[in-house]
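Rule-based calculations on the coordinates, nothing more; no lab input. Please read all numbers here as calculations on a predicted model, not as lab measurements. Glycine also receives a Cβ, built like all others from the backbone with ideal geometry; neighbour counts cover every protein chain displayed.
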Amino acid sequence: MPQKKAVIIGAGIAGIATAVRLAVKGYQVEVFEANNYAGGKIAEFEQDGFRFDAGPSLFTMPQYVDELFELAGKKPSQYFSYQKLDTLCQYFYEDGSRLTAYADEEKFINEVEKLTGDADAIRKHLENSSRIYQISRPIFLEQSLHRLKTYFTFDAVRALFRLPKLDTSRTMHEANNSLFKDEHMVQYADRYATYNGSDPYQVPATLNVIPHLEHHLGAYFPEKGMYNIVSSLVQLAESIGVKFHYNSPVERVILENKKPIGIKIRDCIIEADIVVSNMDVWFTYHKLLSDHSHLFPKKTLNQERSSSALIFYWGIKKKFEELDLHNIFFSTDYKTEFEHIWQKQTIHHDPTVYVNISSKFKPDDAPPGCENWFVMINVPANKGQDWGQLIKETRTNIQEKLSRILKTDIADLIVAESVLDPRSIENQTSSYQGSIYGSSSNSRFAAFLRHANRSVKIKNLYFCGGSVHPGGGIPLCLLSAKIVSEWIRL
């Protein structure tokens, strides 16, 4: 019997993980990537002696990476190594307050006690986060929500009886505001909505599950940088027979009787038994299946998109001892900041700023005496705003904010700069409107409304990545690959 062939469109993290899983199952697997590198949003570049991880900077749940090596009969540590962080994040407030989020839960609670005098509230918050995770993990994260048998397992039935504990009837902000008496901690807890590009004033309080991933499961740093996640998985995939084709943008998925028989690249047809798209689901339909609009899931494709990001990559000619790998500089008015993103579709003059400095753990990412700053704010998806003007104004606002809090003129220290905005995110990663996480989660039903990991109307067409179930971010993208592989049988 001839070996069946799987074609994967896009070499993002989910596409690579799907390739590994299908190769282990016995498929002949080929991956076609439009860029000249693998990784999608997980990219890297060098400039003037500085190395920058261009995309995701937070690494949690490394077991999902290790699992891929183990499935292929390999020892993970021979390909990929990482270390657990002792400090999760440094938080800075405009009133001069600072909060160190230690990985050790009791140390963190003690820090909160020093800042607010209310250790009980943060303890309850972390316990609630853990509880939501235990309920939601088996059914909402690790299984397809679009498969009937998912709802008839022991874990699913148990979870359904505990649904009220998922806190779906309140927004994240309402839940956090009712628990914390101190505004510093409300803002700390609300900011986790941004982990999947959502609004804490709209998203259900179920998203308070996210702190559990850091505080209980841990945050990590890949010893060679975030891009090493990609390079090590590509090496693994190639070692078990997966073929990668770069500079190979797919132009069309070829259908016959509502079933893919291959893909078109330039003037070439690549035959396939199954097709898996790691491209944003919006572009998969509107670009690769444009001749078959009657097969589009129109309601799903018309959902509100997640927020995007504006990132400045700055080479800084100084070291800041008070900064760590992850740093957050909060705005003074969080509600107004999110109103600008979601209602006004623009950028508040005082945004919350995230600064990631990988040279804290990987010194060769910057020249001696320097640091590589990945400076990011949350911004709306691209809907035709004047990004040139917004970038100019925001650069000044961010520099003034960081200079004020750090008591140092940041502008004078910048010796290298690159910029990534929603337009370039869309162009480089085929993410519709530059939205990082596909559709937003600003609805209590959002988890059920995300596109499934396979097409209902097109047999043997599957989807992985951040624009489909279970969502964006490295761990969920890896889980999407696992769900796809469980759908597919030889």
Practice problem: Pick out, in residue order, every one of the GluC sites (Glu not before Pro) in region 275-345 that is DSSP loop and has at most 12 other C-beta atoms within 10 Å; say none if there are none. | Solution: E321, E322
Quiz item: From largest to smallest, what semi-axes in whole angstrom does region 45-129 give when each is the square root of 5 times an eigenvalue of its alpha carbon gyration tensor?
Solution: 33, 21, 10
Practice problem: Output the antiparallel fraction of DSSP beta bridges having both residues in the chain, as a percent to the nearest 5. | Solution: 70 percent
Quiz item: Based on the alpha-carbon gyration tensor of region 198-341 and its eigenvalue square roots a ≥ b ≥ c, which shape applies: rounded if a/c is under 1.5, prolate if not and a/b is larger than b/c, or oblate?
Solution: oblate
Practice problem: Compute the Rg to Rh ratio over the chain from the alpha carbon atoms, using the Kirkwood formula for Rh, and round to two decimal places. | Solution: 0.95
Quiz item: For the chain, what is the mean residue ellipticity at 222 nm derived from helices alone (per DSSP H run of n ≥ 4: -39500 (n - 2.57); sum divided by total residues; nearest 500 deg cm²/dmol)?
Solution: -9500 deg cm²/dmol
Quiz item: Based on the mean of other beta carbon atoms within 10 Å per residue, what is the order of 129-135, 352-358, most packed first?
Solution: 352-358, 129-135
Quiz item: Where both partners of a DSSP beta bridge lie in region 1-133, what percent of those bridges are antiparallel, to the nearest 5?
Solution: 60 percent
Self-check item: Residues with amide H under 5 Å from that of E44, placed H, sequence gap 5 or more
Solution: A54
Quiz item: What residues qualify as long-range amide H neighbours of V276, i.e. H under 5 Å apart, gap of 5 or more or another chain, H built at 1.01 Å from N?
Solution: V7, I8, I9, Y462
Practice problem: State the Cα centre-to-centre distance between region 174-240 and region 61-118 in whole Å. | Solution: 10 Å
Quiz item: When the Karplus curve 6.51 cos²θ - 1.76 cosθ + 1.60 is applied with θ = phi - 60°, which whole-Hz ³J(HN,Hα) does each residue of region 454-462 get, with x for Gly and Pro?
Solution: 8, 7, 6, 9, 10, 5, 6, 10, 10
Exercise. For K298, list the lysines whose Cα falls under 27 Å from its own Cα; do not include residues on the same chain fewer than 8 positions away.
Key: K41, K149, K258, K259, K264, K287, K344, K383, K457, K459, K482
Practice problem: List F361, F50, F283 from most exposed to least, where exposure is judged by having the fewest other Cβ atoms within 10 Å. | Solution: F361, F283, F50
Practice problem: Return H215, H469, H292 ranked ascending by Cβ neighbour count within 10 Å, so the fewest neighbours appear first. | Solution: H292, H215, H469
